[in-house]
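Step one of this worksheet: look at the structure below.
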Amino acid sequence: MTVATAPGKIILFGEHAVVYGRPALAVPVTQVHADVEVMDSPVAGIWIDAPGISLHGEISSFPSSHALRTVIESVLRTLDISAPPPLRIRIISSIPVASGLGSGAAVSVAVIRALSSHLAHPLPNEQVNALAYETEKLHHGTPSGIDNTVITYARPVYFVRGQPIQAFGVARPFTLVIADTGIPAPTKESVGDVRKLWQADAGKWEAVFDKVGEIVRAARQAIESGNTPALGPLMDENHALLQEMTVSSPELDRLVWAARKAGALGAKLSGGGRGGNMLALVRPEDAESICSVLRSAGAQQTLITTLQETL
Ligand code: PMV
């Protein structure tokens, strides 16, 4: 049996504008993960077993555009294996689906790793990332590639679409609270809606994306220099620009507002928006109490994650 695991991720700054070439910052969230086991099977075919989403079956019975089928077929094509041995692939993920924590990309990355290793050709990160990106396109239409990149490399990333990844250092640890609205966030839709806005008035939205780009650069500098309290106001500014892009929602705004009122240093939605998760920068000693305020304000789930110093 071969196993692989991949963490969740959260975008700290720069979602949506990243689709238009501006930078974004994202970090792995190791408290949640996708775990995949691949084992030889006595029954012909490639069998998927994903009890969390009640999915069981042989992949050729899945629609040809099914994300799991495409990812498995792309691994087999890459390895030039036309007649794979009978296999069973078991997928267990604690990453909430469609919430901005990268569940789709994490499952893809873990499947690619476990399957290629089981077939005795473990793929290097660069190829894992490229294959996971192909599958992201099915989920999201025009994804920037940030999810698969952070999840493949499992470290904080300063990401610019189409450019080699830039890892960045964390000079001082900082703590985040992540809260889930419980509302599924169809990234494809919010990305499509922002595209319509941009198509109708590119000049206006390019200027908004530029402002987001400035925030992201300032945030990277704050993280690298250890001036982490500066991230709070930057989150607030980024959230206001995301509201302008129409990708917030009453539920996200309520959680963002509740976090700030409960003592967070700043808060914003994270990811595609409209639902899914928000995040807040908090003093470590306030993290638990802010989580309980967020749950009273409607959060379905909360997580506390601390970015450790890397320098
Ligand atoms: O909802 P998430 O966390 O998968 O992130 C979407 C991020 C966007 O910038 C909105 C889209 C993208 O492909 O980068």
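The values are calculated or read from the model by the stated rules, or taken from the named source; none is laboratory data. Just so we're clear, the structure is a prediction, and the values are computed from it rather than from any experiment. Glycine gets a Cβ as well: all are built from the backbone with ideal geometry, and neighbour counts include every protein chain shown.
Suppose we filter the range 61-82 for residues that are within 22 Å of the chain's Cα centre (by Cα), surrounded by 15 or more Cβ atoms within 10 Å (Cβ to Cβ) and outside any helix (DSSP H, G or I); how many remain?
So the answer is 1.
Considering 74, 103, 64, the condition of being modelled with pLDDT under 95, farther than 30 Å from residue 235 by Cα and of a type in the set (S, T, N, Q) is satisfied by 64 alone. When residue 69 is tested against the conditions (1) among the basic types (Lys, Arg); (2) within 30 Å of residue 174 (Cα to Cα); (3) more than 16 Å from the ligand (Cβ to nearest atom), the lone failure is (2).
The residues in the range 126-148 that are touching a residue at least 60 places away in the same chain (Cβ under 8 Å), surrounded by fewer than 20 Cβ atoms within 10 Å (Cβ to Cβ) and not acidic (Asp, Glu) can be counted, and the count is 3.
Among the helices (runs of 4 or more DSSP H) confined wholly to the range 107-222, which include 3 or more residues that are β-branched (Val, Ile, Thr) and within 16 Å of the ligand (Cβ to nearest atom)?
Numbers: elements: 125-140, 146-153, 187-200.
In the range 107-222, 146-153, 187-200 are the helices (runs of 4 or more DSSP H) which contain 3 or more residues that are β-branched (Val, Ile, Thr) and within 16 Å of the ligand (Cβ to nearest atom).
Looking across the range 110-124, not a single residue is over 17 Å from residue 87 (Cβ atoms) and within 17 Å of the chain's Cα centre (by Cα).
Sort through 309, 251 and tell me the only one that's closer than 17 Å to residue 174 by Cβ, within 22 Å of the chain's Cα centre (by Cα) and of a type in the set (Asp, Glu). So that I can check it myself, show each step before the final result.
Values: 251 fails: closer than 17 Å to residue 174 by Cβ.
None of the others qualify; the one that does is 309.
Against the list (1) at pLDDT below 95; (2) touching a Ser or Thr at 6+ places or on another chain (Cβ under 7 Å); (3) within 30 Å of residue 172 (Cβ to Cβ); (4) part of a helix (DSSP H, G or I), the condition residue 96 fails is (4).
If you go through the range 234-288 and keep only what is assigned to a helix (DSSP H, G or I) and closer than 23 Å to residue 204 by Cα, you end up with 234, 235, 236, 237, 238, 239, 240, 241, 242, 243, 244.
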